[in-house]
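Only one structure is covered here, and it is reproduced in the block below.
The values are calculated or read from the model by the stated rules, or taken from the named source; none is laboratory data. This is a predicted model, so every value here is computed, not measured. Note that we place each Cβ from the backbone using ideal geometry, even for glycine, and neighbour counts take in every protein chain shown. Surface areas here come from the heavy atoms of the whole protein model, side chains and all, with no ligands, DNA or RNA. Shrake-Rupley method; radii C 1.70, N 1.55, O 1.52, S 1.80 Å.
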Amino acid sequence: MCRSRQNISSSPSSILVRCGFLASWIVIALALSASRLSTTCGAAPSCENNNAHSQICQLIWGIQKAFSTDSKTATCPKPAAEESTQEKKKRKNPLTRVLSRFRRRKASATANTHDLEKLYPTAFPSVESKLSSSKNKLVQDLSLAARERIPDFESRSSRVPWSGPGGKNSWKWWGSQQGKQTLVAYLRIMKWSKGETKFPFSLCKDGCGKEFAIAHTLEFREKYKPWCISPALKKENRKGFVYARGYSTTLNDKSKNMGGHALVWLHGGIHSAEDPIQWIRAFINALDRAVGDNLYRTGGKVGKFNTVIDGTGFSVGQIPKFHFVKNLVKIMQDHFPDRLGVILLINFSRPAQLILGLIKKIISKEVREKLIVVPDDEEKRRELLEGLIEKEFIPRSLGGTDDYEFDDKEYYDKTVSCTNAETTDYLKTMPYHA
């Protein structure tokens with residue numbers, strides 16, 4: 001079931017850059033799945049177990065592939081050896097460690113709400129200092145290369161805005177100042193390389209010109225059309241397992257006029273994937289809308305989102321086969337660079353947190369710090385959520401006042417309509433993402 005592979009990482013700092021958002025999604029899918037498995041999943045599963053365990057093992061392999069920082073091959077984790085009762089008492093439960101660390105951090109945060117910004121800096125918009133002259137030069141050079149080397153670039157880029165042409169809170173993909181905001185995000189992923197880059201990592205293992213990543217995303221947006229809503233997509237997301245709504249708080253006085261990151265809500269337990277292609281499209285559409293909304297509210301200055309994942313009722317059988325999860329990874333790492341703020345994990349069961357503790361050992365510090373486990377205690381949960389989400393968008397089920405109920409007709413109103421065939425054309429025209 002599990003395979004070995006060649007290492008594709010370069011350094012620990014490149015892990016978040018490469019796969020920060022999407023691999024985090026895989027981490028969450030794996031961890032949440034534990035809530036519906038038997039207690040034997042408290043230990044790492046092996047590939048030889050039943051189908052549910054085998055799917056988890058493949059997910060672990062995928063995470064190792066995305067996050068490994070050494071040259072060793074990724075292997076399936078082996079079941080933990082049996083421990084005596086006395087040994088178990090001596091060994092501190094991973095869940096206890098997770099919660100104790102969280103409580104220490106939370107205790108300091110409640111003393112001063114601005115401490116939240118220190119604990120979770122990526123959860124909030126920031127007023128960035130001016131770029132150095134050398135970085136400004138790289139931005140200018142990449143902007144010029146894109147406009148000169150990509151055919152009909154100006155016209156093509158104007159037709160692929162975030163949220164789609166004419167969509168609610170639509171915002172131009174290329175942006176202002178010759179694409180500066182977009183280019184800075186890509187150059188961060190490229191670690192401000194002065195020469196060739198290996199991003200996108202699956203396509204540029206031997207190095208590519210930096211403008212290739214821009215051309216690659218432009219082609220994706222033209223052919224995939226993430227804003228395109230078909231009857232099949234509406235059917236797949238009829239219950240609203242994923243959607244964009246609301247925004248996070250802002251704690252920095254200088255950034256209050258910018259507005260907080262957009263919010264993407266995932267309620268995985270209410271829906272089992274029926275059409276994997278449209279399941280992926282529902283995700284991508286929600287993220288595209290979130291980026292567009294944040295750019296619209298901030299005048300093109302930010303373009304990020306935080307994600308809230310409610311693990312209630314989630315099971316591994318509700319996600320598509322691993323092949324489709326990997327396709328989702330490729331789309332996100334290639335075309336949504338530097339867009340994720342943090343992921344809030346709510347109603348995360350005890351066995352799921354144990355699995356998360358295992359997974360945290362193989363991911364980078366940067367990614368770990370983007371995962372926030374929201375406590376089950378109602379008062380502590382309320383305090384944390386009010387520090388990270390604008391009060392008007394906190395659902396009543398989580399201690400807030402928002403009574404919002406997803407309605408697919410209302411949610412997808414005034415969006416670009418497409419036929420089912422149009423939303424699958426990319427499988428032929430851009431097979432890399434098939």
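Structural remarks
- Rolling a 1.4 angstrom probe over the range 294-399 with all protein chains present gives an accessible area of which 49% lies on carbon and sulfur atoms.
- Highest average packing first - 299-307, 226-234, 322-330, Cβ atoms within 10 Å: 299-307, 226-234, 322-330
- Legend: residues ARG350, ARG188, ARG221, sorted from most to least accessible area (1.4 Å probe; ligands, DNA and RNA excluded), read ARG350, ARG188, ARG221.
- For the range 339-434, the solvent-accessible area with a 1.4 angstrom probe is 50 square angstrom per residue.
- For the pair SER176 and LYS391, the difference between a 0.36 nm per residue extended length and the Cα-Cα distance amounts to 74.2 nm.
- Rolling a 1.4 Å probe over the protein heavy atoms leaves TYR296 with an accessible area of roughly 120 Å².
- When nucleic acids and ligands are ignored and a 1.4 Å probe is applied, THR401 ends up with an accessible area of around 90 Å².
- Length gained when the stretch LYS239-LYS414 is fully extended (0.36 nm per residue, less Cα-Cα span): 61.1 nm
- List ASP152, ASP115, ordered by accessible area with a 1.4 Å probe, largest first: ASP152, ASP115
- Local electrostatic count at ALA262 - Lys and Arg +1, Asp and Glu -1, tallied over other residues with Cβ under 10 Å: +4
- Phi-derived couplings, Karplus 6.51 cos²θ - 1.76 cosθ + 1.60 at θ = phi - 60°, listed residue by residue for the range 153-159: 4, 4, 5, 5, 5, 6, 9 Hz, with x used for Gly and Pro.
- Residues GLU222 and LYS194, FRET efficiency given R0 of 35 Å [Cβ-Cβ distance, rounded to 0.05]: 0.75
- With the simple model of a label 7 Å out from the Cα in the direction of the Cβ, GLU379 to THR401 spans 2.1 nm.
- Spatial separation of Cα centroids for the range 340-401 and the range 117-158, in angstrom: 30 Å
- ³J(HN,Hα), Karplus 6.51/-1.76/1.60, whole Hz, each residue of the range 307-318, x for Gly, Pro: 10, 10, 10, 9, x, 4, x, 6, 9, 4, x, 8
- For ASP141 and LYS365, the difference between the fully extended length at 0.36 nm per residue and the C-alpha to C-alpha distance is 77.5 nm.
- Applying 1/(1 + (r/R0)^6) with R0 = 60 Å to the Cβ-Cβ distance of SER134 and ARG350 gives a FRET efficiency near 0.75.
- Rounded to whole numbers, the Karplus 3J(HN,Hα) couplings from phi for the range 383-391 are 4, 5, 5, 5, x, 10, 10, 4, 3 Hz, using 6.51 cos²θ - 1.76 cosθ + 1.60 with θ = phi - 60°, and x at Gly and Pro.
- With a 1.4 Å probe rolled over the protein heavy atoms of all chains, the accessible area of GLU366, GLU211 falls in the order GLU366, GLU211, largest first.
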